[in-house]
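The values are calculated or read from the model by the stated rules, or taken from the named source; none is laboratory data. In this text, all values refer to a predicted model and were calculated from it rather than measured experimentally. Positions of Cβ are backbone-derived with ideal geometry, glycine not excepted, and every protein chain shown enters the neighbour counts.
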Ligand SMILES: [Zn+2]
Ligand SMILES: [Zn+2]
């Protein structure tokens with residue numbers, strides 16, 4: 001089978017290889033991969049900025065059909081349509097695991113990072129990771145379950161949108177566009193999406209189409225003044241950072257009302273960034289970080305997709321085969337892509 005393999009930790013070291021179809025153990029299934037999203041993390045891996053295993057198939061936002069099941073598999077059967085959680089190798093006994101957060105287990109070996117992932121014709125995984133979905137949901141939409149689950153964990157489970165919250169989202173990439181929609185569905189009275197000048201062409205108009213009440217361009221609009229006026233000087237209730245950029249993060253802290261909440265989904269490129277610690281302290285802000293996704297958030301998101309509560313279709317700007325991955329990664333780097341889907 002064809003697969004996109006990371007061959008070393010150097011930038012650009014990913015290539016198409018011919019590999020054997022994975023052998024499955026008795027508790028595993030073989031998935032014929034139908035659609036895989038290209039994630040920001042995949043781009044960081046391609047650029048050499050994220051450490052993973054090498055000689056590993058990349059890709060983790062998948063949907064597919066079960067091709068074969070191991071002897072001890074009982075919950076799923078060949079032909080079923082599935083998405084897959086990524087909590088492989090978790091111990092089940094650490095505090096993270098025991099609290100329902102295996103995604104934070106130290107022993108986790110995430111497919112697409114440490115064991116073979118989904119940029120391939122086939123992928124294997126243990127049956128416990130799988131959720132099935134109906135024929136009514138397309139594979140390309142189902143492939144959004146993973147990024148949606150990261151947003152749902154951060155925004156719905158950890159930060160919690162409250163009824164009538166005024167919510168600002170920084171960073172209108174796929175994660176920000178999902179966050180804006182979820183905030184709206186789960187109770188926000190107004191959602192404001194803030195981007196930068198390059199977002200004016202594609203991403204901010206799409207944010208509007210997906211339900212944002214206001215879109216603003218930082219560096220052109222006086223974002224803090226506009227949002228202060230909008231709230232009669234009180235400040236916004238909830239800020240969601242999907243940018244990881246220091247100016248945006250500090251803007252969030254300044255714009256929040258006293259006792260406001262900030263949800264942090266964006267990972268900054270650098271380990272340290274200067275932030276207005278005192279501003280946050282004086283306002284008694286709650287700043288909630290979130291990484292990866294809980295198992296329960298996957299059920300929430302698949303349900304949202306199946307009942308058509310959220311529009312992910314409009315976010316798909318590119319669909320390509322495995323062999324065209326370099327072009328689509330380059331276009332993603334140039335900001336021409338909203339979401340690219342690879343169909344192996
Ligand atoms: Zn992802
Ligand atoms: Zn554990």
Taking segment 298-336 and keeping residues modelled with pLDDT under 95 and touching a helix residue (DSSP H, G or I) at 6+ places or on another chain (Cβ under 8 Å) leaves 329, 332, 333, 335
Any residue that is in a strand (DSSP E or B) and within 30 Å of residue 331 (Cα to Cα) - is there at least one of those in segment 297-304? no
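Within the group 53, 59, which residue is touching a residue at least 60 places away in the same chain (Cβ under 8 Å), within 12 Å of ligand 1 (Cβ to nearest atom) and assigned by TED's automatic domain parsing to the domain that holds residue 140?
Working: 53 fails: within 12 Å of ligand 1 (Cβ to nearest atom).
Testing whether each residue is touching a residue at least 60 places away in the same chain (Cβ under 8 Å), within 12 Å of ligand 1 (Cβ to nearest atom) and assigned by TED's automatic domain parsing to the domain that holds residue 140 leaves just 59.
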Examine segment 277-288 for a residue that is under 27 Å from residue 145 (Cβ atoms), assigned to a helix (DSSP H, G or I) and in contact (Cβ under 8 Å) with a residue 40 or more places away in the chain, and state whether such a residue exists. no
Just one of the numbered conditions (1) touching a residue at least 40 places away in the same chain (Cβ under 8 Å); (2) closer than 30 Å to residue 51 by Cα is not true of residue 270; which one? (1)
Given (1) more than 16 Å from ligand 2 (Cβ to nearest atom); (2) touching a residue at least 60 places away in the same chain (Cβ under 8 Å); (3) over 17 Å from residue 140 (Cβ atoms), residue 74 misses just (2)
Only one of (1) within 15 Å of ligand 1 (Cβ to nearest atom); (2) touching a strand residue (DSSP E or B) at 6+ places or on another chain (Cβ under 8 Å) is not met by residue 65, so which one is it? (1)
Return the residue satisfying two criteria in turn: it lies in segment 123-162 and is under 20 Å from the mean Cα position of the chain (by Cα) and assigned to a loop (DSSP other than H, G, I, E, B), and of such residues it is surrounded by the fewest Cβ atoms within 10 Å (Cβ to Cβ). 160
Could you tell me whether residue 86 is out of contact with any strand residue (DSSP E or B) (no Cβ under 9 Å at 6 or more places or on another chain) and touching a residue at least 24 places away in the same chain (Cβ under 8 Å)? no
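Would you check which residues across segment 96-110 are touching a helix residue (DSSP H, G or I) at 6+ places or on another chain (Cβ under 9 Å) and either farther than 16 Å from residue 130 by Cα or within 16 Å of ligand 1 (Cβ to nearest atom) (or both) and list them?
Applying the first criterion (touching a helix residue (DSSP H, G or I) at 6+ places or on another chain (Cβ under 9 Å)) to segment 96-110 yields 96-97, 100-108, 110.
Once the filter is applied, which keeps residues that are touching a helix residue (DSSP H, G or I) at 6+ places or on another chain (Cβ under 9 Å) and either farther than 16 Å from residue 130 by Cα or within 16 Å of ligand 1 (Cβ to nearest atom) (or both), segment 96-110 yields 96, 97, 100, 101, 103, 104, 105, 106, 107, 108, 110.
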